[in-house]
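Visitor: Take a look at the following structure, please.
The values are calculated or read from the model by the stated rules, or taken from the named source; none is laboratory data. Note that this is a predicted model, so its numbers are computed, not measured. FYI the Cβ positions are ideal-geometry reconstructions off the backbone, even for glycines, and counts take in every protein chain you see. Heavy atoms of the whole protein, side chains included, go into the accessibility calculation; ligands, DNA and RNA do not. Shrake-Rupley method; radii C 1.70, N 1.55, O 1.52, S 1.80 Å.
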Amino acid sequence: MKKKDLAAGIVFLFFAIILYANASTYPVKEGGSVVLSPGFYPKILAILMGGLSVLSLFTTLKKWNTEEDCPAKEKRPLFKTRGGKLFLLTILLLILYPFTLKFLGFATAAFLFIFVLITALTENFKSHIIATTSISILITAVMYLVFKIVLQIPFPRGLLI
Amino acid sequence: MSFDLYLEGLSYFANPIMFIASFLGVLVGIVFGALPGLTATMTIAVFIPFTFGLDPVISFAFLLGLYTGAVYGGSISAILINIPGTPSAIATSLDGYPLCQKGRAGEAIGISTVSSAFGGFFSVLVLCVAAPLIANVALKFSAEEYVGITLIGLSIIAVISPGSIVKGLIGGILGLVLGTVGLDPITGFPRMIFGRAELLDGIDSIPVMIGVYGLAEMFSQISKNDFKTVVSQKLSKVIPSGKDIKRLMPTIFRSSVIGTLIGAIPAAGGSIASLVAYGQEKRFGKRRHLLGTGIIDGVAAPEAANNASTGGALIPMMTLGIPGDPMTAVLMGGLIIQGLRPGPILFQQQMPFVSSIFISLLLSVVFMLVIGLAGARIFSRLITIRKNYLIPAILVFCLVGSYAINNSLFDVGVLIIAGIVGFLLKQVNFSVAPIILGMILGPLFETNLRRSLMLSGGDWSTFVTRPFSLAFLIIVVLVLVGPLLLQLVRKQKTACEDEEDENGGV
């Protein structure tokens, strides 16, 4: 946890600096109150966030050489585990979804998304192929009925349905 | 404020759709709440996009039904499989699960239903009486006081969120920063819009909420790679006996008072309310020595409290515009999207709507009691639904929900980014609740802060020269410094416990 805390502290400090620098580029009204400037409030937030990040870094470093409060169980890095790989696959599918939605239409995109993900999440998929396919079709049909027919959400028109 | 005002909303209920909306809301809420991993907050966030096309009164009858149903539904999986369906049911599993192991799951669910209904009913009554009174006082508040109240909300949520207070505060400020995206409320200058016209009105809070509460939770479950199926238990004796209810009345009443009060504290909420009520049962309960071994008293206390917190949490949300818990923060997002700004003005200008909220909440408590007792056997089967089928369906639901807000794929992008960021923040033990609260309160906070300073000519002492404002700032200091003082007196809860508490975001 200490390494993660250190990384998070650095990221937020960096974010605060960028925020402050960006707010400094906003126009300032000559002679007017500083409160009127659009950069006034973001600058205050940047200073607060920077201060808290430094405080968080300071506390993490202070504890650096002491024992972990709760020694983590021996864990492999997330992205090397099956769960981590599934997580990455899900993100990929989510990113692809708007494109498949645009080109293929709502029902086809939803079916592909659901089918691929269920296949990936199901261990020993081959013995469940009929169940997976029929459940994917069922979920898609219910979604189509609810979203497209009942709620009439205007999805982009794709090549298929 | 006369009693007639409460009746103004009654005319809406001549429309049977109000009853259908409330009934459906409770039913869907119980189903989602009972499914492990689908929190009440997430349920409301995911459904909001589908309701804002409706009349606000109907939409809120449905959403309040969801809210009540999901908070109650969380107890079902807490009792049956020791996994709270929603974080506010954590304390319910302490006695609920041992009862289930003894084969008395039906009894536990029955008591949970009756206690929840009583807690909910009690809190609605308090809400009806207290809200108009607080709104009347709040009418006298000016910008300085609102700055103080917002700070109270943000500091409480920073303190109670899992992880350290500093992390909670960083989260709150991150939320405020997200709230600055779009046109500056005073000068109209565009800030951090990165050339995207969609961002001129600010980041839409609904896709962000669906992302951090829905998508991020699904990511957590996927990365745990645990899709085991559980076996359900047959339920018997779901309807509790009059003797049991009579014996439990002091516990239920005491917990309802605790739940309503804690719910009404800005940013506190159901999880804390139920844990405190369970703690009080341990101190004052007649059968306190048996708590934890599986007695119905240990189910009645947290369940009455967490449902009582629902009405309580609506008090600050409706009267001050400060949500009482993350669920009401999401509900507030639903109000704002309908063009209604919660706060004392709402009581002046939209009293029929306000009273319809009171009546809807009361109606949803009645439906919860009926549906809960009648459908317990069916709901208990929900826990057997396999997660590898459930997760993809929920993900599509999240995608469609965020798209449906503006029929825009841009919002789908916001959803995915929010989901990934929310998941990563959970990995470093950051709670997402402060971020959401900061984001929702951000624009109002900035406007009030700058307005106060403009009127005082840039003099910051304006915040300490007004008595109410000064009192609020003192509360902020006490909230932030209090835990440090407590730490000196006794050893603080360890970080490990905190990490375990982070169960899908409060």
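Visitor: Since B:Gly9 meets every condition but one in (1) open to solvent by 10 Å² or more (accessible area, probe 1.4 Å); (2) modelled with pLDDT under 85, which condition does it not meet?
Guide: Here B:Gly9 meets the rest and fails (1).
Visitor: Inspect region B:215-223 for any residue being within 17 Å of the chain's Cα centre (by Cα) and at pLDDT below 90 and give the result as yes or no.
Guide: Within region B:215-223 (the criterion being within 17 Å of the chain's Cα centre (by Cα) and at pLDDT below 90), the answer is yes, since at least one residue qualifies.
Visitor: Applying the selection to region B:428-448, what residues are within 7 Å of chain A (Cβ to nearest Cβ) and part of a helix (DSSP H, G or I)?
Guide: B:Glu446
Visitor: Report, by residue number, each residue of region B:100-128 that is under 21 Å from the mean Cα position of the chain (by Cα) and among the aliphatic types (A, V, I, L, M).
Guide: Of everything in region B:100-128, those that are under 21 Å from the mean Cα position of the chain (by Cα) and among the aliphatic types (A, V, I, L, M) turn out to be B:Val114, B:Ala117, B:Val124, B:Leu125, B:Val126, B:Leu127.
Visitor: Same structure again: Does B:Arg377 satisfy the criteria of being at the interface with chain A (Cβ under 9 Å from one of its Cβ atoms), open to solvent by 10 Å² or more (accessible area, probe 1.4 Å) and on the phi < 0 side of the Ramachandran plot?
Guide: Here the answer is no, as B:Arg377 does not meet what is asked.
Visitor: In region B:419-439, which residue that is open to solvent by 10 Å² or more (accessible area, probe 1.4 Å) and hydrophobic (A, V, I, L, M, F, W, C) is modelled with the lowest pLDDT?
Guide: Among those that are open to solvent by 10 Å² or more (accessible area, probe 1.4 Å) and hydrophobic (A, V, I, L, M, F, W, C), it is B:Val428.
Visitor: Condition first: crowded, with 20+ Cβ neighbours inside 10 Å, closer than 23 Å to A:Val116 by Cα and either in contact (Cβ under 8 Å) with a residue 24 or more places away in the chain or of a type in the set (Asp, Glu) (or both). Can you find one or more residues in region B:404-411 that meet it?
Guide: no
Visitor: Considering only residues that are of a type in the set (Ser, Thr, Tyr) and outside any loop (DSSP other than H, G, I, E, B), look in region B:402-416 and name the one that is farthest from the other protein chains (Cβ to nearest Cβ).
Guide: B:Ser402
Visitor: Within the set of pairs 6+ apart or on separate chains, which have a first residue in region B:454-479 that is more than 22 Å from B:Pro185 (Cβ to Cβ) and within 14 Å of chain A (Cβ to nearest Cβ), a second that is open to solvent by less than 70 Å² (accessible area, probe 1.4 Å) and not aliphatic (A, V, I, L, M), and C-beta atoms under 8 Å apart?
Guide: B:Val476/B:Gly148; B:Val476/B:Ser155
Visitor: Regarding region B:134-148, can at least one residue be identified that is open to solvent by 20 Å² or more (accessible area, probe 1.4 Å), under 22 Å from the mean Cα position of the chain (by Cα), among the aliphatic types (A, V, I, L, M) and closer than 22 Å to B:Gly422 by Cβ?
Guide: The answer is no; no qualifying residue exists.
Visitor: A further question on this structure: Take region B:167-220 and flag every residue that is in a helix (DSSP H, G or I) and surrounded by fewer than 22 Cβ atoms within 10 Å (Cβ to Cβ).
Guide: Within region B:167-220, B:Leu178, B:Ala197, B:Glu198, B:Leu199, B:Ser220 qualify.
Visitor: What do you reckon, is A:Lys126 more than 9 Å from chain B (Cβ to nearest Cβ) and of a type in the set (Lys, Arg)?
Guide: So A:Lys126 fits the description; yes.
Visitor: Using beta carbons and a limit of 6 Å, which pairs, at least six apart or on different chains, have the first residue in region A:1-21 and within 16 Å of B:Leu174 (Cβ to Cβ) and facing chain B (nearest Cβ under 10 Å) and the second one among the aliphatic types (A, V, I, L, M) and outside any helix (DSSP H, G or I)?
Guide: These pairs meet every condition: A:Ala8/B:Val428.
Visitor: Let me ask another. When you look at B:Asp411, is it charged (D, E, K, R), at pLDDT 90 or above and closer than 15 Å to A:Pro98 by Cβ, yes or no?
Guide: It is true that B:Asp411 is charged (D, E, K, R), at pLDDT 90 or above and closer than 15 Å to A:Pro98 by Cβ.
Visitor: Given the criteria outside any helix (DSSP H, G or I) and surrounded by fewer than 22 Cβ atoms within 10 Å (Cβ to Cβ), does B:Gly53 qualify?
Guide: So B:Gly53 fits the description; yes.
Visitor: Would region B:228-245 turn up any residue that is within 22 Å of B:Ile48 (Cα to Cα), part of a helix (DSSP H, G or I) and of a type in the set (Asp, Glu)?
Guide: No, region B:228-245 has no match at all.
Residues checked against (1) more than 30 Å from B:Ile160 (Cβ to Cβ); (2) of a type in the set (Phe, Trp, Tyr); (3) buried (at least 24 other Cβ atoms within 10 Å of the Cβ); (4) modelled with pLDDT of 85 or more:
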{"position": "B:Met1", "(1), (2), (3), (4)": "yes, no, no, no"}
{"position": "B:Ser22", "(1), (2), (3), (4)": "yes, no, yes, yes"}
{"position": "B:Val46", "(1), (2), (3), (4)": "no, no, yes, yes"}
{"position": "B:Phe62", "(1), (2), (3), (4)": "no, yes, yes, yes"}
{"position": "B:Tyr67", "(1), (2), (3), (4)": "no, yes, yes, yes"}
{"position": "B:Ser75", "(1), (2), (3), (4)": "no, no, yes, yes"}
{"position": "B:Ile79", "(1), (2), (3), (4)": "no, no, yes, yes"}
{"position": "B:Ile83", "(1), (2), (3), (4)": "no, no, no, no"}
{"position": "B:Ala108", "(1), (2), (3), (4)": "no, no, yes, yes"}
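Visitor: Quick one: which of B:Gly321, B:Gly419 is under 20 Å from the mean Cα position of the chain (by Cα), within 14 Å of chain A (Cβ to nearest Cβ) and among the small types (Gly, Ala, Ser)?
Guide: B:Gly419
Visitor: Follow-up question, since we're still on this one. Search region A:30-50 for residues being more than 8 Å from chain B (Cβ to nearest Cβ) and open to solvent by 40 Å² or more (accessible area, probe 1.4 Å), and hand back the single one that is farthest from B:Phe189 (Cα to Cα).
Guide: Ranking the qualifying residues of region A:30-50, first place goes to A:Ile47.
Visitor: Looking at (1) in a helix (DSSP H, G or I); (2) more than 30 Å from B:Ile391 (Cα to Cα); (3) open to solvent by 10 Å² or more (accessible area, probe 1.4 Å), find the lone condition where B:Ser223 falls short.
Guide: Evaluating B:Ser223 over (1) in a helix (DSSP H, G or I); (2) more than 30 Å from B:Ile391 (Cα to Cα); (3) open to solvent by 10 Å² or more (accessible area, probe 1.4 Å) leaves (2) as the failure.
Listed here are the residues, each with its yes/no results for (1) over 29 Å from the mean Cα position of the chain (by Cα); (2) surrounded by 14 or more Cβ atoms within 10 Å (Cβ to Cβ).
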{"residue": "A:Lys126", "(1), (2)": "yes, no"}
{"residue": "A:Tyr144", "(1), (2)": "no, yes"}
{"residue": "A:Gln152", "(1), (2)": "no, no"}
{"residue": "A:Pro156", "(1), (2)": "no, yes"}
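Visitor: Considering only residues that are under 16 Å from B:Leu390 (Cβ atoms) and either buried (at least 22 other Cβ atoms within 10 Å of the Cβ) or in contact with a Gly (Cβ under 8 Å, 6 or more places away or on another chain) (or both), which ones fall in region A:89-120?
Guide: A:Thr90, A:Ala110, A:Phe113, A:Ile114, A:Leu117, A:Ile118
Let's see how each residue does on (1) part of a helix (DSSP H, G or I); (2) among the basic types (Lys, Arg); (3) without any contact (Cβ under 8 Å) to a residue 40 or more places away in the chain:
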site: B:Asn306; (1), (2), (3): yes, no, no
site: B:Thr310; (1), (2), (3): yes, no, no
site: B:Pro323; (1), (2), (3): no, no, no
site: B:Arg341; (1), (2), (3): no, yes, yes
site: B:Phe353; (1), (2), (3): yes, no, no
site: B:Asn388; (1), (2), (3): yes, no, no
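Visitor: Let me ask another. Have a look at B:Val71, B:Val28 and point out the one that is within 18 Å of B:Asn306 (Cα to Cα), part of a helix (DSSP H, G or I) and under 18 Å from the mean Cα position of the chain (by Cα).
Guide: B:Val71
Visitor: Ok, one more. Would you say B:Thr260 is over 23 Å from B:Cys128 (Cβ atoms), in contact (Cβ under 8 Å) with a residue 40 or more places away in the chain and part of a helix (DSSP H, G or I)?
Guide: For B:Thr260, the condition - over 23 Å from B:Cys128 (Cβ atoms), in contact (Cβ under 8 Å) with a residue 40 or more places away in the chain and part of a helix (DSSP H, G or I) - is not met.
Visitor: Can you tell me which of B:Leu395, B:Leu399, B:Leu331, B:Leu362 is part of a helix (DSSP H, G or I), at pLDDT 90 or above and open to solvent by 30 Å² or more (accessible area, probe 1.4 Å)?
Guide: Step by step, each of B:Leu395, B:Leu399, B:Leu331, B:Leu362 is checked, and only B:Leu362 is part of a helix (DSSP H, G or I), at pLDDT 90 or above and open to solvent by 30 Å² or more (accessible area, probe 1.4 Å).
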